[in-house]
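S.K.: Okay, here's the structure, questions in a sec.
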Amino acid sequence: MFLKGKRALITGSTSGIGLAVARSLRSEGAEVVLSGFGEPAVIAGLCAELDAIHVPGDLSQRAGVEALMAGAGDVDILVNNAGMQHVSPIESFPVEKWDQVIALNLTAAFDTCRLAIPYMKRAGWGRIIQVASAHSLTASPFKAAYVAAKHGLAGLTKTIALELARDNITANCISPGYVWTPLVENQIPDTMAARGMTREQVIEDVMLVRQPTRQFVQPSDLGAMALFLCSDAAAQINGANMSMDGGWTAE
Ligand code: NAD
């Protein structure tokens, strides 16, 4: 229970990767703050399971991020995980989708970090973990906003890592390839339309073809990595981008 006494905020933790990270951190005793959308009964069930609180807020709006940080209180561990995707050719990319993807996947992380860091500095310890993506290191067609936001998130993280290197606070990215979550499932119809493919072709020839292992990453794998980054053994991992993509970005 090496995280007993530590408080962890995981954004977008009502589903997918964020929920798996919350479960991992809780398993080592962290007090967990959940965020994200969902059915009230489902969220209440997660709060009971994890002995957690849930703070609502739309993180694509600065006011929502500020409300989340006020409700979460002082956090020792900040996991910026909330994210969204939009798939479209660049010339018809809806401008409001561009704004939303950049706001949620990049600007919200800037805001949570700037608001969380003063307490971490006072406490003399902190861990910032960004759930980035293989798309923070490489691009794919039709994902202009997402690729731009994730590359930006990787740059933001390296900058924070350098600024806080003497404060016992680390900042790192975890960059998964394709993880089977609602975010991935929901982009299949638009990808089918953008590429003129069947569902099976999208899964095999667009998604798994990128991963030399030909397997999806599991949300629990991401949880285990987040837990490791919070451990003392990871104290010198700072400003890193930890790929978990079956070899995608090695190619
Ligand atoms: P998901 O759709 O299962 O979960 C997203 C979470 O974010 C949910 O809890 C949702 O309620 C929350 N959320 C969405 N919009 C929000 C908003 N405006 N305000 C507050 N919360 C909001 O997605 P996931 O696959 O678990 O993705 C989590 C992170 O992992 C994202 O940043 C995503 O880019 C990244 N990622 C996912 C994959 C993948 O293959 N699934 C791959 C690489 C990176």
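The values are calculated or read from the model by the stated rules, or taken from the named source; none is laboratory data. Small disclaimer: the values here were computed from a predicted structure and weren't measured. Cβ atoms come from the backbone with ideal geometry, glycine included; neighbour counts cover every protein chain shown. These accessible areas exclude ligands, DNA and RNA; they are computed on the full protein's heavy atoms, side chains included. Shrake-Rupley method; radii C 1.70, N 1.55, O 1.52, S 1.80 Å.
S.K.: Cβ contacts < 8 Å: first residue away from the ligand (no atom under 16 Å from the Cβ), restricted to the stretch 119-135; second residue assigned to a helix (DSSP H, G or I) and open to solvent by less than 40 Å² (accessible area, probe 1.4 Å), any location; separation 6+ or different chain. Result?
M.R.: Close Cβ pairs satisfying both conditions: Gly126/Ala116; Gly126/Ile117; Gly126/Met120; Arg127/Leu229.
S.K.: Which condition number does Ala20 fail, the rest of (1) closer than 23 Å to Pro176 by Cα; (2) in contact with a strand residue (DSSP E or B) (Cβ under 8 Å, 6 or more places away or on another chain) being met?
M.R.: Unmet for Ala20, out of (1) closer than 23 Å to Pro176 by Cα; (2) in contact with a strand residue (DSSP E or B) (Cβ under 8 Å, 6 or more places away or on another chain): (2).
S.K.: Being buried (at least 20 other Cβ atoms within 10 Å of the Cβ), within 16 Å of the ligand (Cβ to nearest atom), under 28 Å from Glu251 (Cα atoms) and polar (S, T, N, Q) is the requirement here; does Ser175 meet it?
M.R.: Working: buried (at least 20 other Cβ atoms within 10 Å of the Cβ): yes; within 16 Å of the ligand (Cβ to nearest atom): yes; under 28 Å from Glu251 (Cα atoms): yes; polar (S, T, N, Q): yes.
Judged against the criteria, Ser175 is a match.
S.K.: Hey, any hits in the stretch 197-209 for a residue that's under 30 Å from Pro118 (Cβ atoms) and out of contact with any Lys or Arg (no Cβ under 9 Å at 6 or more places or on another chain)?
M.R.: no
S.K.: Any residue in the stretch 213-224 that is modelled with pLDDT of 95 or more, out of contact with any Lys or Arg (no Cβ under 7 Å at 6 or more places or on another chain) and away from the ligand (no atom under 16 Å from the Cβ)?
M.R.: There is no residue in the stretch 213-224 that is modelled with pLDDT of 95 or more, out of contact with any Lys or Arg (no Cβ under 7 Å at 6 or more places or on another chain) and away from the ligand (no atom under 16 Å from the Cβ).
S.K.: Identify the residue in the stretch 51-85 that is open to solvent by 70 Å² or more (accessible area, probe 1.4 Å), of a type in the set (D, E, K, R) and more than 16 Å from Tyr119 (Cβ to Cβ) and, among all such residues, is nearest to the chain's Cα centre (by Cα).
M.R.: Top of the filtered list is Arg62.
S.K.: Please work out if Cys47 is closer than 13 Å to Thr11 by Cα, of a type outside the set (D, E, K, R) and away from the ligand (no atom under 12 Å from the Cβ).
M.R.: no
S.K.: Of the conditions (1) open to solvent by less than 10 Å² (accessible area, probe 1.4 Å); (2) more than 16 Å from the ligand (Cβ to nearest atom), Val101 fails just one. Which one is it?
M.R.: Here Val101 clears every test but (2).
S.K.: I've got another one for you. Restricting the search to the stretch 199-237, which residues are among the polar types (S, T, N, Q), within 19 Å of the chain's Cα centre (by Cα) and under 15 Å from Arg127 (Cα atoms)?
M.R.: Ser231
S.K.: A further question follows. Ala240: over 14 Å from the mean Cα position of the chain (by Cα) and under 27 Å from Ile160 (Cα atoms), yes or no?
M.R.: For Ala240, the condition - over 14 Å from the mean Cα position of the chain (by Cα) and under 27 Å from Ile160 (Cα atoms) - is met.
S.K.: Let me ask you something else. Only one of these is under 30 Å from Gly126 (Cβ atoms), at pLDDT below 95 and either under 14 Å from the mean Cα position of the chain (by Cα) or open to solvent by less than 60 Å² (accessible area, probe 1.4 Å) (or both): Thr170, Thr181, Thr157, Thr191. Name it.
M.R.: Thr181
S.K.: Could I ask something else about it? Return the only residue of Ser88, Ser13 being part of a loop (DSSP other than H, G, I, E, B), more than 13 Å from the ligand (Cβ to nearest atom), open to solvent by less than 30 Å² (accessible area, probe 1.4 Å) and within 30 Å of Ala144 (Cβ to Cβ).
M.R.: It is Ser88.
S.K.: Same structure again: Take the residues in the stretch 25-44 that are open to solvent by less than 20 Å² (accessible area, probe 1.4 Å) and under 17 Å from the mean Cα position of the chain (by Cα), then tell me which one is farthest from the ligand (Cβ to nearest atom).
M.R.: Leu25
S.K.: Do we find that Leu106 is open to solvent by 30 Å² or more (accessible area, probe 1.4 Å), assigned to a helix (DSSP H, G or I) and in contact (Cβ under 8 Å) with a residue 24 or more places away in the chain in this structure?
M.R.: Yes, satisfied.
S.K.: Quick check on my filter: what residues within the stretch 194-212 are away from the ligand (no atom under 16 Å from the Cβ) and open to solvent by less than 40 Å² (accessible area, probe 1.4 Å)?
M.R.: Across the stretch 194-212, the qualifying residue is only Ala194.
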